[in-house]
Each structure stands twice: as C-alpha cells, then as structure tokens.
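Chemist: Below is the structure I would like to discuss, written out as structure tokens.
Derivation of every value follows stated rules applied to the coordinates shown; laboratory data play no part. As the structure is a prediction and not an experimental result, all values here were calculated from the model. Neighbour counts are summed over all protein chains in view; Cβ atoms, including those assigned to glycine, are modelled from backbone coordinates with ideal geometry.
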Amino acid sequence: MNATFVRIDLTRQLRDVMNLMFVLVLPTLMYVIFGLSFSYANESAGNGNVKFYIMASMAAYGASVAATTVTGVSAVEQMQGWGRQIGLTPLRPAGFVAGKAVVALVVTAMAIAVVFVVGALTGAHAEHGWMWAATFAIALAGSILFALFGYAVAMLFKSESAMGIASGLLVVLSFLGNVFVPLSGTLLDVARFTPMYGFVGLVRWPILEGTQSGSTQVDPLWALIANVVAWLLIFGIAAVLAVRRGRARR
Amino acid sequence: MDNAQPALELQDLHKNFPSDGGRLNAVDGIDLAVDPGEIVALLGPNGAGKTTTIDMALGLTVPTSGTVSVFGRRPQEAVRAGRVSALLQTGGLLRDLTVHETVLAIASLHGVKSRVEEVMEATDTARLARRKVVKCSGGEQQRLKFALALLPDPDVLILDEPTAGMDVNARRDFWATMRQDATEGRTVIFATHYLEEAENFAQRIVLMNAGKIIADGSTSSVRALAAGRTVAATLQAHGTIDAGDPRLAELRALDSVTDLQVNGPRVSITTTDSDAVARHLLNGGQGTELEISAPSLENAFVQMTRTSTTPSDADHVGA
C-alpha cells in the first residue's frame, strides 16, 4: 500500500461531485426533512430521541451508498484497463485491495460523520455518549456488506451505468428495509429478509435495541445478525462468481 | 550484473484461448532472444500475436506452455524491480485524474517520485500537467503512457503500437523523443504495423503472422526476402483498366512477373527483372509515368503474410 497513491485515489473520489450529492448531501438532507420537520422529532425513542433514530437511519443509508460507490468505481476502473497499468508496477494485488479498503473506509466514515454532525447540532440526543460512538462504529463496520454489493453489481453490469443501477437499488432496498419510513404489517414481515434491514437494525441497536416504530414487534439481536451474515455470504459469493465470469471472458 | 543474460528470451512459447468451438492459438510456438541494447521491431498484421507475446513478456498473461524470461528472471519479478516497462495498447488510464496526478501516482508506486519532472519534460507532457486525462487527445494520452513507461528507467522498454492515434507530426515528434532518450544500452522492443517505423528505427525486425515468427533478421536482410521490385505505370487516361485488357495478359505472360495489381488507370507489377518489364511498357505497351521502386519492406511484408501459413522453421537471415 502506498500513501501517495491512496491520497490521489481519495482525492479523485471526492472530486466526483455527482457522487458527493448521493453520499453526503442526500442522507443529510433526508435527515433534515424527516427528522426535523415533524412534531414528533423530540419525542423519545428507545434510549434517545426520534431525531437520533432518524439520524442513525440516514447515516446507515449514507454509509451503504459510500461503500457501494467506492468499490463499484474500483471495479469499473479495472475493466477500463487501469488494472493493466498497475500491473506494470511493483504494487501487488493485496496492496491494491488494502489501498481501496482505506479509501472506502475514509469515504464511508465521512458520510456517517456529516450526518452525525448535523444531527448533533440540531438536537439529536442519546442517553449515553458511548451510543454515538457505537452507532458510528456499527455503521462503518457494517458497510462492508455494501462494499461487496457494489463490487458484485459493477462486475455483473460491467459499465459506468452500473453505479447508477447500484444506487437505484439501494434506494429501493432502503425503503423495503425499513430505513426511511417505518413499515408495518406484511410489508414489515417481508422487510426482515432484505439486506438493509439487518444492517440498519444493528445500527439502531444502541438506541432502539430492536424495537420498531411501526409495530410492537421486537427484533432479537441474533435475528439481525443472521440477516447481515446471510447477505454477506450472498453478496460475497456473487462478487466472486462475477469476477470469475469476467476473467474467463477474453 | 547480468549482462550475459539475454534481455528477453522466449522458448517454445505457446498461448491459446478458448474460443467458439475450440481454442484459438494466439501464440503458436515462438523462440526469440533479444540481447541487451538491441532495438527490435515486432511487425505483423492485427491478430498476429504481437500483443499476446508482449503480455507474456510483462507477466500480464501466463503462457499455456514454454518459457519467457527477462534477464533470466520471471517477468513479474523483472516488472517489480523496474527493469522492464511498457507502453500498452490496451492499458487504460483513469479518465478523471489529471496528467500530473497519473504520473505522480505511478511514480510513487515505483518509488521514483523524484523523476516525475524530468520524465514529463522529456515526453512533452509537462504542459498538460493540469489537464484531465479524458480531455486529452489520443496522441496526448499516448505520450502520457510513454511517460509512465519511462518512469522506472527500465533496461527493457516495450512499446505496443506506440504511435496509434497520432497524426503525422505527433508521430515524428515521438520518434524524435525516442532517439533523444535512447540512452546507450536500453533495449527497445516495439510492436507496430507501420512498416516505415520499423524500417526507420529498428536494427532488427521480427515478422509475425498467425502466432508464429516468419522472419527474423536485420532490416536489410528481411527486406531482401522480398523477391524483386515493383514497376508501376499508367495505361490509360481515365477510369479503371478493364480486366480483359490484352495488355494485362501480355504483362502477366512475361517470365519475371510474379504479381500484377490494377489501381484505376495504373498497373502495379512485381517482378524480378524490372528492366525487362520497363522496356516492355515503354516500347509497345503504351505505359507512361513509370515508377520503379527499390525492394521494400512492404513487399516483403505483403508477400510473406499473404503466403505464409505454417512454415517449418522461420526464415532466419543473417543479421
């Protein structure tokens, strides 16, 4: 891994204005709209207030977009032949992947941080300080799920438009996953099995501990973790298969 | 120092790919040894196997069988040590990096950030420094790739179609830069289908076709493989010479004529006795505006790639 190289890569990602819109601005905007403009905003929710709950949800969404985009972009650049150029340097595949992981973590952390800062300034509240850190850490760690997702989508669709597809999918999955608007009834039952559900449930765990705002059901911790692990396997296998298919085609 | 080792050595190298209904022999058994300091042109039509051979020399592709070594080491080791570098035809650049960022990124991977300025000056990319790659013309992008290839100051420089996308002036500038930069001892291997580039810049030409080497020797000796000269003449004022024109039959009937091509009102005759053909045209064949050309690499190239299929050994001519 090489510091200058990673710095240049990071700068390049952050220069992509379209990306920034989705990764930084949109989640924050949605927090402001959903979290601040309604009267229930300051009511308590679990171990904090509703604002915090919404902030955590939007931060989770932002983290998923960030992770998806960074890995997706790196898959596309491999396809455009940059990988061959790198192949002429001493950088080994492991070093390359490590560098990309750093970039992904930094961008994801920024996405979460921006929402958190706005949340903190506008009265999001949690009972204990450690809950902020825990929520942050869980969102960051869980974003790996979407790093794999982004890679799989990019290798499957093999074009610049793959990123648009991935972003669109994430929006749909977020609605289905109980991220933006509380679901109830059958929709909630179905939502339990979607990729965003487990992830956002875990992100909200410090605050809500599995309770819902749309129903009285409580998700046990093991169920949320099982969801994340299952989707980790699915996306991971999809990514590996997509890479193999891509390599075999000469 | 490993100067006793060939800079590049290929032994019975094969590479095939799965393709519809079987396997495609991209490289079909080639042997090649290039000594340090040689300047070699790899000449051949598209699909001859030049790029695949280059990929194997750089460790980007693994051979199906046979060996390839650079200064006696595995290609990937040589690449990591910065001893061999390349300008790739199908290697991509990142669209949204600036020229300077691209050079800096690759330089830092090689550990040669100090060389960025001099390399950019040498390749005339310094003035493009702040421009995004996507906004550079094809020729400018080639110069950038050339800069990237020069960064590790390699002992072996491999160029795959280095002037693709360049106009005539850019091409001239490129070879002028190559001449200036060609420090004594740097081995240069370049693949091209521009015959004049091979003729003007290479000491040694390796002719490839259909995955095999069909000729390998000095420029003059490869040129001599072409039998004869070309005599061209105008036979009529306008239009295209009719295929049934009796003059064509007469010309073909001459003993020394090996080939005859019609180009509109002109005819192009390949012959081993250009004097006899010229006399025939001037005396009774009503030919005008005669042009007699020296044996050319183009003739050799056309003849050999048209007729060669599976020669038992390559024509190795004295260097």
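Chemist: Mind sorting A:Asp9, B:Asp155 by how few other Cβ atoms lie within 10 Å of their own Cβ, fewest first? If you can, show how the numbers build up before the last one.
Modeler: Numbers: A:Asp9 24, B:Asp155 21.
With the fewest neighbours first, A:Asp9, B:Asp155 line up as B:Asp155, A:Asp9.
Chemist: Whole-Å semi-axes of segment A:3-248's equivalent ellipsoid, largest first, each the root of 5 times a Cα gyration tensor eigenvalue? Don't jump to the answer; show the numbers that get you there.
Modeler: Values: eigenvalues 210, 77, 44 Å².
Semi-axes from the Cα gyration tensor: 32, 20, 15 Å.
Chemist: Something else now. What is the Cα convex hull volume of the protein assembly as shown when expressed per residue in Å³? Numbers along the way, then the final one.
Modeler: Numbers: hull volume 121.9 nm³, N = 569.
Per-residue hull volume (Cα only) is 214 Å³.
Chemist: Another question, then. Counting other beta carbons within 10 Å of each residue's own, what order do A:Leu145, A:Leu224, A:Leu105 fall into, fewest first? Walk me through the numbers on the way to the answer.
Modeler: On the way: A:Leu145 25, A:Leu224 21, A:Leu105 18.
Final ranking by Cβ density, sparse to dense: A:Leu105, A:Leu224, A:Leu145.
Chemist: Sort the following peptides by mean Cβ neighbour count (other Cβ atoms within 10 Å, averaged over residues), highest first: A:131-137, B:296-302.
Modeler: On the way: A:131-137: 17.7, B:296-302: 19.3.
The peptides rank, most packed first, as B:296-302, A:131-137.
Chemist: While we're on this one: Stokes-Einstein diffusion coefficient for segment B:229-294 at 4 °C in a medium of 1.567 mPa s, Rh from the Kirkwood formula over Cα pairs: what value in µm²/s? Let's see the in-between values first.
Modeler: Details: Rh = 11.5 Å.
Estimated via Stokes-Einstein, D reaches 113 µm²/s.
Chemist: Dividing the Cα convex hull volume of segment A:100-146 by residue count, how many Å³ per residue is that? Numbers along the way, then the final one.
Modeler: Working: hull volume 3.1 nm³, N = 47.
Expressed per residue, the convex hull around the Cα atoms of segment A:100-146 is 67 Å³.
Chemist: Right, here's the next one. Please list A:62-71, B:73-82 highest first by mean number of surrounding beta-carbon atoms within 10 Å per residue.
Modeler: Working: A:62-71: 29.4, B:73-82: 18.3.
Top to bottom by mean Cβ count within 10 Å: A:62-71, B:73-82.
Chemist: Rounded to the nearest Å, what's the spacing between the alpha carbon centres of segment A:5-63 and segment A:115-183? Just the number, please.
Modeler: Taking the Cα centre of each part, segment A:5-63 and segment A:115-183 sit 9 Å apart.
Chemist: If you don't mind, there's one more thing I want to ask. Run the numbers on segment A:137-250 and let me know its relative contact order in percent, using alpha-carbon pairs under 8 Å that are six or more apart. Don't jump to the answer; show the numbers that get you there.
Modeler: Working: 110 pairs, mean separation 36.9, N = 114.
Computed over segment A:137-250, the figure is 32 percent.
Chemist: Per 0.36 nm of contour for each residue apart, how much would the distance between B:His238 and B:Glu77 grow if the chain were fully extended, relative to their Cα-Cα spacing? Intermediate results must be reported in sequence, preceding the final value.
Modeler: Working: separation 161, 0.36 × 161 = 57.96 nm, distance 6.20 nm.
Between B:His238 and B:Glu77, full extension yields 51.8 nm more.
Chemist: Here's something else I'd like to know. So for segment A:1-122, Kirkwood radius off the Cα pairs, Stokes-Einstein at 4 °C and 1.567 mPa s: how many µm² s⁻¹?
Modeler: Numbers: Rh = 15.8 Å.
Translational diffusion coefficient: 82 µm²/s.
Chemist: If you don't mind, another one. Find the relative contact order for segment B:109-161 and round it to a whole percent, using C-alpha pairs within less than 8 Å whose residues are 6+ positions apart. List each step's numbers first, then the result.
Modeler: Details: 24 pairs, mean separation 23.8, N = 53.
Answer for segment B:109-161 is 45 percent.
Chemist: Just check segment A:126-186 against the gyration tensor rule for me: Cα atoms, a ≥ b ≥ c as the square roots of the eigenvalues, rounded for a/c under 1.5, and otherwise prolate or oblate depending on whether a/b exceeds b/c. Present the calculation step by step, with values, prior to reporting the outcome.
Modeler: On the way: a/c = 3.42, a/b = 1.55, b/c = 2.20.
Oblate is the answer for segment A:126-186, as a/c is 1.5 or above yet b/c matches or exceeds a/b.
Chemist: What does the average come to when, for each residue of peptide A:132-139, you count the partner chain Cβ atoms lying within 10 Å of its Cβ? Mind dumping the intermediate values first?
Modeler: Details: counts 0, 0, 0, 0, 0, 0, 0, 0.
Average neighbour count from other chains, rounded to a whole number: 0.
Chemist: Continuing with the same structure: Does segment B:52-193 classify as rounded, prolate or oblate by the C-alpha gyration tensor (a ≥ b ≥ c root eigenvalues; a/c under 1.5 gives rounded; else a/b over b/c gives prolate, otherwise oblate)?
Modeler: Numbers: a/c = 1.59, a/b = 1.44, b/c = 1.10.
Because a/c hits 1.5 or more and a/b exceeds b/c, segment B:52-193 counts as prolate.
Chemist: Just the Cα atoms of segment B:162-241, one point each, no solvent: what log10 I(q)/I(0) does Debye give at q = 0.11, 0.25 Å⁻¹?
Modeler: Reported log10 I(q)/I(0), two decimals: -0.46, -1.24.
Chemist: Take B:Val302 and A:His128, extend 7 Å from each Cα along the Cα→Cβ direction, and tell me the distance between the two endpoints in nm.
Modeler: 8.6 nm
Chemist: Using only helices, what value at 222 nm comes out for chain B when you add -39,500 (n - 2.57) per DSSP H run of length 4 or more and divide by the total residues, to the nearest 500 deg cm²/dmol? The partial results should precede the final answer.
Modeler: Values: 11 runs with 102 residues, N = 319.
Value at 222 nm, helices only: -9000 deg cm²/dmol.
Chemist: For segment B:74-108, list residues with backbone N below 20 Å from a point placed 7 Å from the Cα of B:Ala122 toward its Cβ?
Modeler: Output list for this probe position: B:78-89, B:99-108.
Chemist: Also, quick follow-up: By its C-alpha gyration tensor, with a ≥ b ≥ c as the square roots of the eigenvalues, how is segment A:62-135 shaped: rounded for a/c under 1.5, else prolate for a/b larger than b/c, else oblate?
Modeler: Numbers: a/c = 4.68, a/b = 2.86, b/c = 1.64.
Because a/c hits 1.5 or more and a/b exceeds b/c, segment A:62-135 counts as prolate.
Chemist: Beyond a 26 Å Cα-Cα separation, which of these cross-linked pairs lie in this structure: A:Lys158/B:Lys135; B:Lys113/B:Lys135; A:Lys51/A:Lys100; B:Lys15/B:Lys135; A:Lys100/B:Lys113?
Modeler: Working: A:Lys158/B:Lys135 23 Å; B:Lys113/B:Lys135 24 Å; A:Lys51/A:Lys100 33 Å; B:Lys15/B:Lys135 36 Å; A:Lys100/B:Lys113 21 Å.
Over 26 Å apart, Cα to Cα: A:Lys51/A:Lys100; B:Lys15/B:Lys135.
Chemist: Right, something else. Evaluate the relative contact order of chain A (contact order divided by residue number), counting alpha-carbon pairs under 8 angstrom at least 6 apart; express in whole percent. Write out the running numbers ahead of the final one.
Modeler: On the way: 333 pairs, mean separation 60.2, N = 250.
Here the relative contact order equals 24 percent.
Chemist: With viscosity set to 1.002 mPa s at 20 °C, what whole-number translational diffusion coefficient in µm²/s follows for segment A:1-42 from Stokes-Einstein and a Kirkwood radius over Cα pairs?
Modeler: Working: Rh = 12.4 Å.
The estimated diffusion coefficient comes to 172 µm²/s.
Chemist: Could you tell me the ratio Rg/Rh of chain B? Both radii from Cα atoms, Rh via Kirkwood. Numbers along the way, then the final one.
Modeler: Values: Rg = 23.0 Å, Rh = 21.8 Å.
A ratio of 1.05.
Chemist: If Lys and Arg each add +1 and Asp and Glu each add -1, what is the summed charge of the other residues whose beta carbon sits under 13 Å from the beta carbon of B:Val267?
Modeler: Around B:Val267, the charge tally is -3.
Chemist: How large is log10 of I(q)/I(0) for segment B:1-105 at q = 0.13, 0.20 Å⁻¹ when the intensity is taken from the Debye formula with one equal scatterer per alpha-carbon?
Modeler: Summing over Cα pairs of segment B:1-105 leads to -0.56, -1.10.
Chemist: Using only alpha carbons, build the gyration tensor for segment B:150-209 and give me the equivalent ellipsoid semi-axes, biggest first, whole Å.
Modeler: Values: eigenvalues 63, 48, 24 Å².
Listed largest to smallest, the semi-axes of segment B:150-209 are 18, 15, 11 Å.
Chemist: Of A:Ile144, A:Ile86, A:Ile237, which is the most mobile in a GNM of chain A whose springs link Cα atoms less than 10 angstrom apart?
Modeler: Judging by the Gaussian network model, the answer is A:Ile86.
Chemist: Right, next: Going by Cα centres, segment B:191-237 and segment B:139-189 are how many Å apart?
Modeler: 22 Å
Chemist: If I model a spin label as a point 7 Å beyond the Cα along the Cα-Cβ vector, how far apart are those points for B:Arg23 and A:Ser37 in nm?
Modeler: So the two model labels end up 6.5 nm from each other.
Chemist: Could you work out the mean count of beta carbons from other protein chains within 10 Å of each residue's beta carbon in B:89-96?
Modeler: For peptide B:89-96, the averaged partner shielding equals 6.
Chemist: Next question. Beta carbons within 10 angstrom, averaged per residue: use that to sort the peptides B:146-152, B:209-215, highest first. Could the numbers behind the result be given before it?
Modeler: Details: B:146-152: 24.9, B:209-215: 22.4.
In descending order of packing, they fall as B:146-152, B:209-215.
Chemist: Sticking with this structure for a sec: Highest GNM mean-square fluctuation, chain B, Cα pairs closer than 10 Å: which of B:Met178, B:Met120, B:Met208?
Modeler: Looking only at B:Met178, B:Met120, B:Met208, the biggest GNM fluctuation is shown by B:Met178.
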